[in-house]
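Following: one structure in structure tokens, then a few remarks.
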Amino acid sequence: MSPGNRRQFLQRLGLATSAARPWPAMAHGLPGAAFLATGSAPRPGGAAPSSRRPRVAAIFTVLRFRSHAYNILENFLGPYYFNGQLTDPGVDVISFYADQLPQDDMAREVARRFDIPLYTSIESALCGGSRQLNVDAVLIIGEHGDYAYNARGQHLYPRKRFFDESVAVMRRANRFVPIFNDKHLSYRWDWAKEMYDTARAHRMPLLAGSSVPLAERRPPLELPDQASIEEAVSIHGGGLESYDFHALEVLQSLVEARMGGETGVASVELLTGKKFQQAQAAGRWSQELVDAAMRAEQSMRAARQPRPTTGVFQAKPKSTRPPTPAGPYAISVQYRDGMRATVLKLGSSADRWNFACRLRGEDQPRATAFFNSPWGNRGLFKALSHAIQEHFIQRVEPYPAERTLLTTGMVAAVMDSHAQQGQRIDTPHLQIAYQARPWDHFREQGATWQVITAKTPQPTTFQPRPFSELRR
């Protein structure tokens with residue numbers, strides 16, 4: 001079934017209205033019509049669907065192969081596998097805003113093929129070209145694209161601008177709808193705090209953060225409720241800031257449920273070069289925990305396809321990034337309740353996401369590796385998309401926004417420490433206390449990778465599964 005027949009197919013299922021609501025012509029010359037729906041097919045792993053499928057505006061930096069917009073939207077414009085079950089997204093993307101349209105842009109072609117208006121402003125994407133808010137949720141994907149770096153080496157993605165322009169429409173309408181913000185809230189702490197405060201002031205459900213905590217854990221690891229954690233390590237193999245954030249989210253997603261709940265972070269310190277070597281020799285972190293975390297990765301013997309070489313992997317940005325640490329480095333995190341943790345960058349691997357901790361009274365570490373998928377990090381976005389969709393449908397945050405507020409502050413402190421030659425950064429502003437709640441039902445448990453294997457061809461064009469597969 002061609003994507004253009006999506007509406008007709010859903011109408012036969014009773015999931016769409018009998019007639020689409022017309023939309024004005026789009027600025028890029030792409031004809032389109034809004035898609036409104038009145039019901040929802042069952043969603044494995046989620047709560048009961050609402051009576052109407054939420055209408056979503058997708059606001060993104062760039063849509064090209066393996067960009068975050070690509071990885072997320074392929075799970076919004078067709079069914080996808082989550083925990084081994086083919087899952088209806090349960091929501092309808094009815095508008096696009098693309099901040100950049102590079103030579104290898106897919107946004108215009110995808111908008112045309114899926115009959116989704118592509119607008120030249122965020123306001124128009126939320127209002128359908130009118131002055132009235134016409135969506136029930138906003139999907140903000142501010143990752144990838146050609147954006148500058150500041151002197152600290154922070155990538156100046158426009159997430160705060162995307163958020164502010166979306167909220168401005170909601171203020172005018174006096175109606176506030178759920179927002180998802182991909183990755184950390186902003187490169188600036190004050191902006192991130194303002195985003196969080198705005199959401200809370202208007203009772204607007206806010207979901208943000210990394211896809212990695214939702215990955216399958218190999219071996220399975222579930223920490224006891226109210227565990228007393230003495231020390232923890234989180235290990236990645238990527239770059240400064242971008243992958244540090246993911247590793248901090250992995251760390252926080254596991255330690256936030258410790259005894260007493262989360263109370264915040266007292267200080268953050270980046271250790272590179274000689275400082276890293278001296279800290280390692282001095283035992284600033286447990287080598288036993290590091291070894292346990294790395295063994296978990298080695299023992300899972302993950303089968304993955306080779307990393308693609310097109311799309312984001314071949315894009316040559318015009319912006320030049322300031323120098324970043326060469327070789328391994330460590331981020332020392334001191335929590336307010338006395339727990340200590342370390343994020344380590346070891347080696348060079350986009351697939352490395354490892355964790356280990358020691359509980360009080362236990363001799364042996366507890367450790368796991370997060371398996372992204374046979375398609376590398378692309379597979380992480382299936383579970384993330386499911387969590388976002390439940391956030392939009394139920395209007396309830398799947399896990400606390402405070403988690404990502406805290407990790408946003410931590411990664412900003414990392415970059416401050418980097419700019420100050422590794423000085424410890426005290427973080428009294430990160431006195432962020434919250435109680436974790438169960439969220440394991442949003443995680444991939446591994447069944448999907450029995451369906452999608454290393455032998456399954458990975459599409460390189462934008463080809464979501466057709467909705468007709470839901471009837472098989």
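The values are calculated or read from the model by the stated rules, or taken from the named source; none is laboratory data. This is a predicted model, so every value here is computed, not measured. Note that we place each Cβ from the backbone using ideal geometry, even for glycine, and neighbour counts take in every protein chain shown.
The table that follows gives values for the structure above.
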| quantity | calculated |
| --- | --- |
| Any hit, the stretch 413-434, residues being within 22 Å of Asn83 (Cβ to Cβ), in contact (Cβ under 8 Å) with a residue 40 or more places away in the chain and surrounded by 24 or more Cβ atoms within 10 Å (Cβ to Cβ) | no |
| Criterion violated by Ala454 - all others in (1) modelled with pLDDT of 95 or more; (2) among the small types (Gly, Ala, Ser); (3) not in a loop (DSSP other than H, G, I, E, B) satisfied | (3) |
| The stretch 257-306, residues that are basic (Lys, Arg), without any contact (Cβ under 8 Å) to a residue 12 or more places away in the chain and farther than 15 Å from Gln423 by Cα | Arg301 |
| Some residue of the stretch 215-226 being under 24 Å from Pro325 (Cβ atoms) and among the small types (Gly, Ala, Ser) | no |
| Considering residues of the stretch 133-187 that are among the basic types (Lys, Arg) and crowded, with 23+ Cβ neighbours inside 10 Å only, the residue nearest to Phe65 (Cα to Cα) | Lys183 |
| Filter result for Arg403 (surrounded by 21 or more Cβ atoms within 10 Å (Cβ to Cβ) and charged (D, E, K, R)) | yes |
| Checking Gly446 against (1) surrounded by fewer than 19 Cβ atoms within 10 Å (Cβ to Cβ); (2) farther than 28 Å from Leu221 by Cβ; (3) within 24 Å of the chain's Cα centre (by Cα), the condition it does not meet | (2) |
| Strands (runs of 3 or more DSSP E) completely within the stretch 133-237 that count 1 or more residues being among the basic types (Lys, Arg) | 216-218 |
| Residue among Glu249, Glu262 that is in contact with a Phe, Trp or Tyr (Cβ under 6 Å, 6 or more places away or on another chain) and at pLDDT 95 or above | Glu262 |
| Subset of the stretch 188-211 [among the small types (Gly, Ala, Ser) and either within 25 Å of Arg378 (Cβ to Cβ) or surrounded by fewer than 19 Cβ atoms within 10 Å (Cβ to Cβ) (or both)] | Ala201, Ala208, Gly209, Ser210, Ser211 |
